[in-house]
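Below is one structure, written out as structure tokens; comments come after it.
The values are calculated or read from the model by the stated rules, or taken from the named source; none is laboratory data. Just so it is clear, the structure is predicted and the values come from calculations on it, not from any experiment. Note that each Cβ is placed from the backbone with ideal geometry, even for glycine, and that neighbours are counted across all protein chains shown. We work out accessible area using only protein heavy atoms, side chains counted, and drop any ligands, DNA or RNA first. Shrake-Rupley method; radii C 1.70, N 1.55, O 1.52, S 1.80 Å.
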Amino acid sequence: MKNVCVLGSTGSIGRAALEIIHHLESEFNLFAISCNANTSLLRQQIELFHPKYACITNPDKARDFSSLPPKRDFRFATTSSTTILTGIDGLKELASHPAVDIVLNALVGTIGVLPTLSAIKSKKRIAMANKETLVGYGSLIMQEVEKNNITFIPVDSEHSAIHQCINQAHSSVRRIILTASGGPFLSTPIPSDITKNLDALKHPVWKMGEKISIDSATLMNKGLEVIEAAVLFNIPPQDIKVIIHPQSIIHSAVEFVDGTIIACLSLPDMKLPIQYSLTFPNRLPSLIQPLELDKIGRLDFTAPDLERFPCLRLAYEAAYTGGTMPCVLNAANQVAVTAFLDKKINLMDIPVIIETVMQSHQKTEDRRQETEDPTILLIESAEQWAEVEANKEVQKLCG
Ligand code: MG
């Protein structure tokens, strides 16, 4: 029996993970969970799974949740058998708890950096679904993974597919073929004022959280995945080819030096890569429907249109530049997406904001002094700088 800690248990990946843990209850025990603010769902999860710990990242929500006084600044007592922690210190404590075997990081945003580092240093097996942490801090994270010799399995469907393909052959990789469904605007015009109808942004294939749905509509999600793949598999970005594949049956593929391509196929359902991240190197029966290729009939592939989707071009540029640039791209995107969700800007303002911030980062003093492997402090300061700059650009567009 393995004890699993699910950071971000109320998000779409976290909820699917709990279903899998319930399905495989003879193999896995839900030891700890966390949420940012959705405490009503967290309460339901506590009642259903009785985890030993739960963390509420947002301190105000934690205070509302538990009327009992805190024992320490990040530890609250509850009436049930579940201990409630709070804040980033709570997340770090869960990620490094001696009883935890697997940490599934399903957090959204770079709040996941420090808990990930805690888990790595405590030699946990990590199932990684926290995209922004890998994009901004990937080289640092992968250095620590190597140093601590831990098992680190990506959960993102594409990177899970690549992981599965690479594990099939003892050969050198020539290229990675990263598939993209193309999002909701693959063949329909992008409305100039979409803020009034966010439903139009629903993804045609995958059911996902708010932020990643916007990233999929701009293809920034694919751009972030290029950066993620480059750090995870130590492949230069020019050897990662994005292909639009609207059916999302091939989750990605790997081309080896002899020209053979191994691809990973299934019906699109995040439960499969989540389960693989928990059971690897074993495979167990899953909850997903089998793929019947004769019913699918055909699989289509086209090249992405970088003029229509400038976010993908910007992400490649950030990947080529390296250093703190991927983190700047990610931070500017985060600010722009939030402004879009707050109905302050249009969808196509997002790449404009990111490009402006990236260009001014290129010119700043500290970029010239920057080394190949920036320290955590350097990345953090670039991230904060980019947030401020992106907010200024949002203000200009609103004003
Ligand atoms: Mg993905």
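Tell me the label-point distance for the pair Lys121, Met1, using the 7 Å Cα-to-Cβ offset, in nm and rounded to one decimal.
Modelled inter-label distance: 3.0 nm.
Using bins 5 angstrom wide from zero, how does P(r) for the stretch 159-398 break down, in % of all Cα pairs?
P(r) over the stretch 159-398, rounded to whole percents: 1, 6, 13, 16, 17, 16, 13, 10, 5, 2, 1, 0.
Rounded to the nearest Å, what's the spacing between the alpha carbon centres of the stretch 253-286 and the stretch 92-109? Just the number, please.
That distance is 23 Å.
Quick one: of the DSSP bridges fully inside the stretch 159-398, what percent are antiparallel, nearest 5? Please report the intermediate quantities before stating the final value.
Details: 10 of 15 bridges.
Around 65 percent of the beta bridges assigned by DSSP in the stretch 159-398 are antiparallel ones.
With every protein chain left in place, what is the accessible area per residue of the chain in square angstrom, probe 1.4 Å?
Using a 1.4 Å probe on heavy atoms only, each residue of the chain averages 45 Å².
Using the structure shown, select from Lys222/Lys396; Lys241/Lys343; Lys121/Lys241; Lys52/Lys202 the pairs with a Cα to Cα distance greater than 31 angstrom.
Values: Lys222/Lys396 28 Å; Lys241/Lys343 33 Å; Lys121/Lys241 33 Å; Lys52/Lys202 36 Å.
Distance filter (> 31 Å) returns Lys241/Lys343; Lys121/Lys241; Lys52/Lys202.
Order these peptides, 20-28, 107-115, by their mean beta-carbon neighbour count within 10 angstrom, highest first.
Answer by packing, highest mean first, reads 107-115, 20-28.
Between Rg and the Kirkwood Rh of the stretch 198-337, both from Cα atoms, what is the Rg to Rh ratio?
Rg divided by Rh gives 0.97.
Computing the accessible area with a 1.4 Å probe over protein heavy atoms, can you report the carbon and sulfur percentage for the chain?
Numbers: 9020 of 17790 Å².
Carbon and sulfur atoms account for 51 percent of the accessible area of the chain.
Could the peptides 128-141, 292-305 be put in order, highest first, of the mean number of other beta-carbon atoms found within 10 Å of their residues?
Per-residue mean Cβ counts within 10 Å order the peptides as 128-141, 292-305.
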